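The values are calculated or read from the model by the stated rules, or taken from the named source; none is laboratory data. Since the model is a prediction, treat every value here as computed from it, not as a measurement. No Cβ is skipped: glycine too gets one built from the backbone with ideal geometry, and neighbour counts run over all protein chains shown.
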Amino acid sequence: MKHKHIIFSPQKNFSHPDFSVGIFSVDTHNTMNSSSLLESVTKTSTNGKATELFPESLTFNDISLVPRVVSTVRHRTESSPSANFLGAQLQLPLIAAPMPDVCAGKMASSLSKLGGLGIIHRFLTIENQLSEIALVEKRNQLGCAIGVTGDWKERFEKLYANGIRMYCLDIANGGNQLVADSIHWLRKQTKTDPIKIIAGNVAAAETFTWLAEVGADAIRVGIGNGSICTTSIETGIGQGQVSAIVECVHAREEKKLSALIIADGGIRTPGDMSKALALGADACMLGSALAGTEESPGEVIKYRGQLYKRYVGAASFATKMSNDYVEGEETLVPYKSRVEKVVKRFSDGVRSSMAYMNARTLQEFRENVSFVRLTQHSFIERTPHILS
């Protein structure tokens, strides 16, 4: 019996003739993995003008991984999600988001020892940001966020003088000319001792391609997907994270680009991270999953007998264009003890997912993986529901 497998095709953008039409095609013969996903993109006709004008957008809860191979992996410890990320050898391609309540020196230091990567946020004075980087011993496993306006050049020069060689241009709309201008300026300043540049955020193939071509080494993919992000609500901008990742992966393959893809936003669980990596993301950026840990900035707050930490989003375009303050939704998140527990949970989940797919490396994971699209009822069925 031949199964039907959903082939996720990049969404059509009518302003760009190079990208394929259609959202899904159904392949009744071949299993869809991350390689065939790119090879099997077809020009699928759609019925009805509404569908053509408003293609569907998928996120992690809309898809599931299906093991269709016999696994010889005896234990998940045989599977390794290790990856080289811009020269940093990561045991797990997990990056802490450069948010004020997520990543400063303590978080970055702990993640570097656990095999992840921290990017110290920029909502600090230059002197205070320098104080935070002093807490991190592994400078080759550390990044710093800078803006593209205000004191960003002075900030960069001070950070560069202190040995930082990985920078994140932290701006809400990565598809802005200011980002390209900043990349060009940074490249001119660092010809003798090059740096690695992370840019973003983008949510479509066209802007991903543009950023890659102007010189970004890695690109944050995802707009409006964060748990505390208000960008989509306030602006109407964004699309589902799965669709955004697939678009950018396809664009990278089609254009033969080298920029790495960081899935940024919407990753709440190890399962989400597994899906993002299987789809072709090179790393995953976490915010809320790391907020509330001992190593995240801020004090522990006791409220009605429970322990919490503050978590504030920095979502708006206007805010990220300014160095002066942070706006966004503010909430309290439960205190989660040490970040080591969070990293272990994500590592165990990804390793287990790889073991199901008979994969000992991320490359094998992407080659062996198979996806299906979930209906509302199939999604409910796969979650704990005995009490409901």
**Prompt:** What residue, among those in the stretch 335-388 that are surrounded by fewer than 16 Cβ atoms within 10 Å (Cβ to Cβ) and among the polar types (S, T, N, Q), is farthest from the chain's Cα centre (by Cα)?
**Reply:** S388
**Message:** All but one of (1) free of Cβ contacts under 8 Å to residues at least 12 places away in the same chain; (2) not in a helix (DSSP H, G or I) hold for I171; state the number of the condition that does not hold.
**Reply:** (1)
**Fill in**
Filtering the stretch 251-274 for residues that are free of Cβ contacts under 8 Å to residues at least 24 places away in the same chain and either closer than 13 Å to V350 by Cα or outside the structural domain of P93 (by TED's automatic domain parsing) (or both) leaves a count of 0
**Prompt:** Conditions: (1) modelled with pLDDT of 95 or more; (2) out of contact with any helix residue (DSSP H, G or I) (no Cβ under 6 Å at 6 or more places or on another chain); (3) crowded, with 21+ Cβ neighbours inside 10 Å. C229 meets all but one. Number of the miss?
**Reply:** (1)
**Whichever residue in the stretch 101-119 is among the aliphatic types (A, V, I, L, M) and assigned to a helix (DSSP H, G or I) and, among such residues, is surrounded by the fewest Cβ atoms within 10 Å (Cβ to Cβ)** = L114
**Request:** Quick one: L307 ticks every box in (1) at pLDDT below 95; (2) exposed (fewer than 13 other Cβ atoms within 10 Å of the Cβ) except a single one, so which number is it?
**Result:** (2)
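Given the criteria modelled with pLDDT of 95 or more, hydroxyl-bearing (S, T, Y) and surrounded by 15 or more Cβ atoms within 10 Å (Cβ to Cβ), does S288 qualify? Walk me through it before giving the result.
Numbers: modelled with pLDDT of 95 or more: no; hydroxyl-bearing (S, T, Y): yes; surrounded by 15 or more Cβ atoms within 10 Å (Cβ to Cβ): yes.
The answer is no for S288.
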**Item:** Selected residue (criterion: surrounded by the most Cβ atoms within 10 Å (Cβ to Cβ)) from residues of the stretch 155-201 that are closer than 14 Å to A218 by Cα and among the charged types (D, E, K, R)
**Value:** D170
**Prompt:** When you go through P81, P55, P67 one by one, which is the residue that is more than 30 Å from F123 (Cα to Cα), at pLDDT 50 or above, touching a Pro at 6+ places or on another chain (Cβ under 7 Å) and assigned to a loop (DSSP other than H, G, I, E, B)?
**Reply:** P81
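For (1) in contact with a Lys or Arg (Cβ under 8 Å, 6 or more places away or on another chain); (2) of a type in the set (D, E, K, R); (3) in a helix (DSSP H, G or I), each residue gets a yes or a no:
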| position | (1), (2), (3) |
| --- | --- |
| R74 | no, yes, no |
| M99 | no, no, no |
| R122 | yes, yes, no |
| L159 | no, no, yes |
